[in-house]
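The values are calculated or read from the model by the stated rules, or taken from the named source; none is laboratory data. Please read all numbers here as calculations on a predicted model, not as lab measurements. Heads up, the Cβs are rebuilt from the backbone with ideal geometry, glycines too, and the neighbour counts pull from every protein chain shown. Side chains are part of the model used for accessible areas, which takes the heavy atoms of the whole protein and leaves out ligands, DNA and RNA. Shrake-Rupley method; radii C 1.70, N 1.55, O 1.52, S 1.80 Å.
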Amino acid sequence: MLDTGRLVGTGYLSILPVDQGVEHSAAASFAPNPAYFDPASLCELALEGGCNAIASTLGVLGSVSRRYAHRMPFIVKLNHNGLLTYPNRYDQTMFASVRQAFDLGVVAVGATVYFGARERTRQLQEVREAFQRAHELGLFTVLWAYLRNESFATGEVDYQLSADLTGQANHLAATVEADIVKQKQPVCNGGFPALRFGKTDDRVYSELAAAHPIELTRWQVANRFMGRVGLINSGGASGGQPDLAQAVRTAVINKRAGGGMGLIVGRKSFQRPMAEGVTLLNAVQDVYLDPDVTVA
């Protein structure tokens, strides 16, 4: 995967993720640009955009594997939060097996664990077993290590995006042998003391993770065995005009934090015409190609 796309040979990654048809509903994901209901169009976006890989569902990638699996690396996301429940609950269930993904010719499998959610223990056990099998077959593994608990969000601050809580989620992800951890970039700190649970250290909120986005992201890196496990940050939801600037900012912070391995940008790129999506993906990649953007 590191030897393909515009970032070939740099050690950085630009991945197109498209599991939102399950996670957020197909309508919410693809109605802004109905051409992307077709998985072939998504693969073409990844190719034209110079991505290292495309990550998606078994159904999406399986439907076009004969045409595209040899042209770019595939990552099958094994589990999903189907959303078609009422009320919605934060659970991830297996939609595919490692063997099914392997038979498509993938390079890796991915999965999500909702740390903090009631179902987290079962999810973690399922993912650990799947990752063990993936490694036996020579695949690498990617864990979406997201926090999901409404109690983590107070009236003023959403600590689901705090450096200390996401850092611990990263540490747990590395412990079950995720080779790459996908995490949202932190925007705050102090989740443990504010919510009054768990154990921490006062130095996390001063000398180890100062209130600067690069320092907060660096704490995420430290929790992944000091960068031995790669960190990719998510590009976030599509928000219209500011998407390009926000994606580039996220990439700069990821790279300057050291140990950041790249960005995974989905809705910001495929919820717009292909030419604009390619421009956005290339702008993010340019951050990692620019020698003047260095570790802070």
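Worth a mention:
- Carbon + sulfur, % of accessible area of the chain - ligands and nucleic acids excluded, 1.4 Å: 52 percent
- Set against the 2.2 N^0.38 Å expectation for a compact globular protein, the chain has a Cα radius of gyration ratio of 0.94.
- For the chain, the relative contact order is 17 percent, taking Cα pairs closer than 8 Å that sit 6 or more residues apart in sequence and dividing their mean separation by the residue count.
- Separation of segment 232-296 and segment 144-185, taken as the distance between their Cα centroids, equals 20 angstrom.
- Considering only alpha-carbon pairs that sit under 8 angstrom and 6 or more positions apart, the relative contact order computed for segment 239-296 is 42 percent.
- Net charge over other residues, Cβ less than 11 angstrom from the Cβ of residue 111 (K, R count +1; D, E count -1): 0
- Tensor-based shape of segment 1-141 (alpha-carbon gyration tensor, a/c under 1.5 rounded, otherwise prolate or oblate): oblate
- Highest mean packing first, where packing is the average number of other Cβ atoms within 10 Å per residue, the peptides 143-149, 237-243, 96-102 line up as 143-149, 96-102, 237-243.
- For the chain: accessible area per residue (Å², 1.4 Å): 44 Å²
- Sequence-distant contacts, meaning Cα pairs under 8 Å at least 6 residues apart, place the relative contact order of segment 36-156 at 21 percent.
- The packing ranking of peptides 196-207, 31-42, highest mean first, is 31-42, 196-207, where packing means the average number of other beta carbon atoms within 10 angstrom of each residue.
- Per residue of the chain, the DSSP helices (runs of n ≥ 4 H) give a summed -39500 (n - 2.57) that works out to -11000 deg cm²/dmol at 222 nm.
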